[in-house]
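This report concerns only the one structure given below.
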Amino acid sequence: MTNTLSEHSSTSTKLHLAIKGMSCASCVNAVEQALTQTPGVFTAQVNFASSEAEVVYQPQLVDLARLQQAIRDRGYDAEEMALSSSGMEQIDHQEQEQQQAYRLLLHKFWFAAAISVIVMLFSYPHLLPFLNDWMPPGSVKQRIVWGILGLLTLPVMIWAGSQFYTGAWSALKHRSANMHTLIAVGITAAYLYSATAVLFPYWFPEQALAKVFWEVVTFVVAMVVLGMALEVKARGKTSAAIKKLIGLQAKTARVIRDNQEQDVPVAEVRVGDVVLVRPGEKIPVDGVIVTGESHVDESMLTGESMPVPKRAGDKVIGATLNATGSFQFRATKVGADTALSHIIRMVQTAQSSKPPIQRLVDKVASYFVPTVIILAMLAFIVWYLVGPEPRIVYATIVFVTTLIIACPCALGLATPTSLTVGIGKAAEHGILIRNGNALQITKQINTIILDKTGTITAGKPAVTDIIAAPDYDESTVLRLAASLERHSEHPLGTAIVTAAQQRQLSLIDANHFQAIPGQGVQGQVETNQILLGHSGFMLQQGIEVNELAQLEIQLAQAGKTPIYVVSNGKIAGIIAVADPIKSDSKLAIAALQRMGLEVIMLTGDKQLTAKAIAKQVGVNEVLAEILPQDKAHEVQKRQQAGKIVAMVGDGINDAPALAQADVGMAIGTGTDIAIETSDITLIKGNLTGVATAIAISRATLRNVKQNLLGAFIYNSLGIPIAMGVLYPLVGILLSPLIAAVAMAFSSVTVVTNANRLRYFQPSLKS
């Protein structure tokens with residue numbers, strides 16, 4: 001299993017922070033270093049796409065204020081995030097800040113763009129004949145105009161480009177570099193060269209006087225700021241799933257206190273309160289129905305399209321929608337303890353995590369900006385030494401263009417944006433992926449082991465046949481078995497007790513009850529020594545079953561589980577129990593097989609029964625008569641053969657096997673233990689979720705690879721071209737203006753591609 005509780009869990013606290021001021025992957029590295037170098041911090045993971053950090057620390061040594069100060073010392077800011085359904089105010093606040101940042105960047109863009117039009121117009125007077133005649137090249141008038149353009153360019157640098165300088169200065173103070181460093185150095189170099197050419201023209205060869213780079217400064221600032229604005233807007237969409245989950249929470253609840261109905265904010269509902277829900281209302285918190293019945297639409301959490309019938313004793317989940325009837329329920333979990341809050345915390349934690357591929361990218365990105373600066377300087381030196389005249393002009397163009405075209409943002413955003421959207425998409429389908437590591441390994445799975453009970457079947461077996469031996473009748477056989485099974489929590493035992501209750505048989509208290517895992521149960525009912533179990537258990541106890549062996553085979557071939565009932569060493573009869581197959585199991589297994597996966601069914605049932613079930617659902621390989629303690633060994637055997645194994649079970653009984661598997665998938669209703677112990681929790685409770693989880697994992701990793709490939713190709717081609725490798729071959733030298741456009745939209749392209757995952761719809765049909 002890819003995730004276990006932290007080794008520091010007994011002494012640690014986990015905290016999520018919203019980080020402000022990050023501009024590229026280099027910033028991620030700086031913030032992580034600031035946190036991990038703080039005494040008392042065990043681990044820190046920063047997600048560039050969502051601007052969040054997950055910190056595991058020792059509260060005795062460090063607190064929130066200390067962590068925030070460590071981040072501020074690196075030039076960034078941080079505030080604690082609320083990871084629950086009550087965090088909508090904070091989400092709204094973050095959205096408002098995001099909108100303000102977007103609007104400010106747009107204002108800066110329009111300002112820089114307007115100045116750029118003026119600067120470009122007078123920088124290229126030959127485009128307009130009357131301007132060319134008015135300010136001929138080399139004239140005093142041209143130099144005066146250039147001086148005025150330089151003054152116009154200053155507010156673009158100082159205001160519209162202010163974030164580049166503040167970001168570069170913060171990085172410089174800590175001996176690091178980031179995207180802002182590249183832009184700040186580039187536009188400053190262009191500005192200083194232009195100012196020198198205007199103020200001290202005699203410093204340059206005469207032919208160099210015909211060129212200044214004011215338009216480069218204004219246009220680069222305009223384009224990069226526009227790219228940042230579009231990136232902010234696009235990145236805001238990646239967290240749509242979290243916002244949708246938080247928005248599900250009901251705002252108020254109608255509670256009954258002192259025999260009076262009163263509407264209270266949902267945050268004021270207490271455990272034990274009786275809550276009234278009418279048709280069409282949201283269920284405010286988790287609880288158990290006391291009176292009434294209805295159908296509840298749970299699609300917003302489980303993906304199940306059909307409303308689920310509910311009656312007294314059934315559990316209801318907060319944020320689901322009551323469809324038809326009215327009922328009262330007793331609140332069992334409120335606030336941060338509700339299923340919805342657990343789901344939100346899990347999704348947010350997963351989105352902040354890093355898959356192995358991202359760790360490699362972060363390592364590469366940490367060297368990216370310094371490498372680009374070195375390459376730009378080398379390119380400048382080479383062009384200045386051996387380039388054509390005017391060498392200083394060409395060298396400056398190459399230096400500025402190389403700095404501007406490099407885009408660490410695209411590299412830094414490639415993985416986390418796809419991861420955030422993919423995990424959010426899974427949550428919309430009722431699939432909770434614990435972390436990025438689980439998502440990446442799920443894509444690599446080639447073997448699926450399915451526990452039969454509760455996974456392929458409904459997990460609610462029912463008695464189908466009662467065959468009494470001579471000297472016994474059906475009621476006696478069932479009464480003896482049910483009296484003993486009253487002490488058992490096994491699903492087969494529950495089915496026998498339920499059948500006895502339906503026949504209104506009076507049950508007797510059993511003594512000396514003992515359960516033998518994977519075999520059966522034994523105990524004393526009145527004066528009778530009773531044994532219940534399969535034929536193997538009977539043979540171990542020295543009881544011959546030859547006369548009923550053929551009947552056992554017939555029942556097993558029908559997919560039923562035959563259970564022998566023995567009284568005082570003599571067979572009293574056979575009770576057959578069948579667990580109905582879930583309606584979607586056959587479709588889901590076929591979909592898994594079409595994905596190229598080896599599907600194995602694992603069960604404690606006898607071979608004949610297991611094979612009958614497997615045949616009905618289309619599974620070719622069956623592991624039958626497997627004891628609970630041996631399930632993990634079966635997983636391990638396939639791992640040793642080089643398989644990447646996923647184990648699918650209920651998250652509780654199959655815990656060792658789930659832990660052993662490369663990916664553990666818990667099928668259930670999103671209970672606390674399932675969420676905490678599995679890599680992937682399938683809230684919907686059916687097998688189609690397994691195929692959907694794998695399909696989403698594959699789509700997400702495919703999207704990551706597209707982004708990484710795009711970022712790699714962009715930088716691998718763009719930087720050499722900016723350095724001028726094409727000039728000796730075809731006479732082409734990339735303009736800084738084109739470089740600015742390319743850089744501005746490279747990261748936007750990555751985020752836009754990641755957002756395509758929001759529209760991905762996994763299909764299980766052939």
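Data for the structure
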item	result
Accessible carbon and sulfur surface of the chain relative to its total accessible area, %, 1.4 Å	58
Additional length obtainable on full extension of the chain from ARG702 to ASN259, 0.36 nm per residue less Cα span	153.7 nm
List LEU385, LEU729, LEU555, ordered by accessible area with a 1.4 Å probe, largest first	LEU729, LEU385, LEU555
Average Cα contact separation per residue, the chain, under 8 Å, 6 or more apart, as relative contact order %	14
Subset of LYS173/LYS354; LYS282/LYS315; LYS310/LYS684; LYS354/LYS684; LYS108/LYS233 violating a 21 Å alpha-carbon distance limit	LYS173/LYS354; LYS354/LYS684
Cut-off under 5 Å, modelled amide H: who pairs with LEU623 long-range	MET601, LEU602, THR603
Integer Hz, Karplus 6.51/-1.76/1.60 couplings in order for the range 279-291, x for Gly and Pro	x, x, 9, 7, 7, x, 9, 7, x, 10, 5, 9, 9
The range 687-766 - Rg (one decimal) and Dmax (whole number), Cα, Å	18.6, 61
Partners for LYS443 among aspartates and glutamates (Cα-Cα distance below 18 Å; same-chain residues under 8 apart left out)	GLU598, ASP662, ASP679
Long-range amide H partners of PHE42 with built H, under 5 Å	VAL56, TYR57, GLN58
Environment charge of MET647, counting only residues whose C-beta is closer than 12 Å and scoring Lys/Arg +1, Asp/Glu -1	-3
Shape call, the chain: gyration tensor on alpha carbons, a/c limit 1.5	prolate
The chain, dipole about Cα centre (Lys/Arg Cβ +1, Asp/Glu Cβ -1), debye to the nearest 20	2340
Net charge of Cβ neighbours under 13 Å - reference HIS534; Lys, Arg +1; Asp, Glu -1	-1
Calculated [θ] (222 nm, deg cm²/dmol) that DSSP helices of n ≥ 4 give over the chain, each run adding -39,500 (n - 2.57)	-16000 deg cm²/dmol
Highest-first arrangement of 629-639, 447-457, where packing means the average Cβ count within 10 Å	447-457, 629-639
Cα centroid of the range 161-194 to Cα centroid of the range 332-373, whole Å	28
Rounded to the nearest 10 Å², the accessible area of THR498 at probe 1.4 Å	60
Amide H partners (placed H, <5 Å) of VAL577, local residues excluded	THR464, THR561, ILE563
Peptide ranges 251-259, 587-595, 642-650 listed from the most packed, as the mean C-beta count within 10 angstrom indicates	642-650, 587-595, 251-259
14 Å beta-carbon shell around LYS570, net charge (K/R +1, D/E -1)	-3
Segment VAL364-LYS243, extension gain: residue separation times 0.36 nm, minus the distance between their alpha carbons	40.3 nm
Span from the the range 719-766 Cα centroid across to the the range 209-231 one, whole angstrom	18
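The values are calculated or read from the model by the stated rules, or taken from the named source; none is laboratory data. Computed from a predicted structure; not experimentally measured. Glycine also receives a Cβ, built like all others from the backbone with ideal geometry; neighbour counts cover every protein chain displayed. The accessibility values were calculated without ligands, DNA or RNA, using every heavy atom of the protein model including side chains. Shrake-Rupley method; radii C 1.70, N 1.55, O 1.52, S 1.80 Å.
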